[in-house]
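In what follows, a structure is listed as structure tokens, so that the remarks can point back to it.
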Amino acid sequence: MGRRPFVAGNWKMHNTLAGARELMRGLRDGFDTSWPVDVAVCPPNPLLYPMGKEVDGTAIKVGAQNVHFEAQGAFTGEISPEMLKHAGCTYVIVGHSERRQIFGETGQFLRKKVSAALKEGLEVIYCVGETLNERENNATIRVIERQLGEGLEASIDLSRVTIAYEPVWAIGTGRQATPDQAQEVHAFIREKIGGVFGPREAGEIRILYGGSVKPSNAEGLLSCPDVDGALVGGACLVADDFLSIISTAARTKTS
Ligand code: PEP
């Protein structure tokens, strides 16, 4: 069986309760349950529980944007995997480039987060991606390889991991990777996973593209054979735009 498409929305630090409810209800009401696609929405932490309630009993799942690897303790400002689970999360994003760049999260740190989240039963969306400088210096593949190796221990249960390839230069910039650029990196990621985890794992793992995905460019990107869905930032803040990307994934990946 083919890989089921997956579209996740990263709200980043946007929305308070009233606006969040309106957005989530728009998404919930517009989502066609016959679309064969997995959907996750990742709101800021204070909205996880109420947004989970909004989509309770529907196919739309909630995820967090970050997690700490310790179970509890003196870690002011942090949230444990268990807390996310109890707040209703199915997914958690780990290694978003904003966490790596702004908050200085290292590969070693991210590896612990991935393992701790999986141990708690969360599904992980692990992000990798090169900067513009790295791409221009032909270092893209080397960087992706390093980030994969740093974050994903060979002993983890990869069936609960999704990888998101998000070129840093394409995030929030309106500048997307071309379908050829995305396909090249996605194919490399799949090959690399095959080498470390095995051919079955490589064939099954979902690899999302992220970086200025919008309704107008979704089809080209999602048509690539190794692109299994999208991680969407800006465009997921408008219900109709996010729904359009989800329906494009359902149509493109299953036709
Ligand atoms: C993201 O933050 O993961 C992202 C892809 O953002 P945008 O779609 O706005 O580029």
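The values are calculated or read from the model by the stated rules, or taken from the named source; none is laboratory data. Computed from a prediction, not measured in an experiment: that's the story for all the values here. Counting neighbours? That spans all protein chains shown, and the Cβs are built from the backbone with ideal geometry, glycine included. Each accessible area value is taken on the protein alone, full model and side chains, heavy atoms only, with ligands, DNA and RNA left out. Shrake-Rupley method; radii C 1.70, N 1.55, O 1.52, S 1.80 Å.
Report for region 6-254 the percent antiparallel among DSSP-assigned beta bridges with both residues inside it, nearest 5.
The antiparallel fraction comes to roughly 0 percent.
Could you give the size of the charge dipole of region 6-254 about its Cα centre, using +1 on the Cβ of each K and R and -1 on the Cβ of each D and E, expressed in debye and rounded to the nearest 20?
Dipole size: approximately 220 debye.
If R₀ is 30 angstrom, what is the calculated FRET efficiency for the pair Ser216 and Asn138, using the beta carbon separation as r and rounding to 0.05?
0.55
Starting from the Cα gyration tensor of the chain, take the square roots of the eigenvalues, sort them a ≥ b ≥ c, and report rounded, prolate or oblate (rounded when a/c is under 1.5, otherwise prolate if a/b is larger than b/c, else oblate).
Verdict is rounded for the chain.
Which of the chymotrypsin sites (Phe, Trp or Tyr not before Pro) found in region 73-112 are loop residues per DSSP with 16 or fewer other Cβ atoms within 10 Å of their Cβ?
Passing sites in region 73-112 are Phe75, Phe103.
Straight-line reach only, C-alpha to C-alpha below 17 angstrom: list the aspartates and glutamates that Lys112 could link to, leaving out same-chain residues fewer than 8 apart.
Qualifying aspartates and glutamates at Cα under 17 Å: Glu70, Glu78, Glu82, Glu120, Glu123, Glu150, Glu153, Asp157.
On the protein heavy atoms, probe 1.4 angstrom, tell me the percent of accessible surface of the chain carried by carbon and sulfur.
The C+S portion of the solvent-accessible surface of the chain is 50 percent.
With +1 on each Lys and Arg Cβ and -1 on each Asp and Glu Cβ, how big is the dipole of region 98-184 about its Cα centre, in debye rounded to the nearest 20?
Once rounded to the nearest 20, the dipole reads 260 debye.
Net charge near Ile156: determine it from the other residues with C-beta under 10 Å of the C-beta of Ile156, scoring Lys and Arg +1 and Asp and Glu -1.
Here the count lands on +1.
With the Cα gyration tensor of region 99-144 in hand, convert its eigenvalues to equivalent ellipsoid semi-axes via √(5λ) and list them largest first in whole Å.
Output for region 99-144: semi-axes of 25, 11, 8 Å.
Hey, if you put +1 on the Cβ of every Lys and Arg and -1 on every Asp and Glu Cβ in region 1-142, which of Val37, Gly104, Asn137 ends up farthest toward the positive end of that dipole?
Asn137
Among residues other than Gly95 whose Cβ falls under 11 Å from its Cβ, what is the net charge (Lys/Arg +1, Asp/Glu -1)?
0
Only loop residues by DSSP count here, and only those with at most 14 other Cβ atoms within 10 Å; note down the GluC sites (Glu not before Pro) in region 127-160 that meet that.
Hits after loop and neighbour filter: Glu153.
Hey, which of these cross-link pairs are over 23 Å Cα-Cα: Lys85/Lys214; Lys12/Lys113; Lys12/Lys253?
As for pairs spanning more than 23 Å Cα to Cα, those are Lys85/Lys214; Lys12/Lys253.
What is the distance in Å between the Cα centroid of region 129-175 and that of region 206-231?
Here the answer is 15 Å between Cα centres.
Can you compute the helix-only [θ] at 222 nm over the chain? Use -39500 (n - 2.57) per DSSP H run of at least 4 residues, normalise by all residues, nearest 500 deg cm²/dmol.
Computed ellipticity for the chain at 222 nm equals -13000 deg cm²/dmol.
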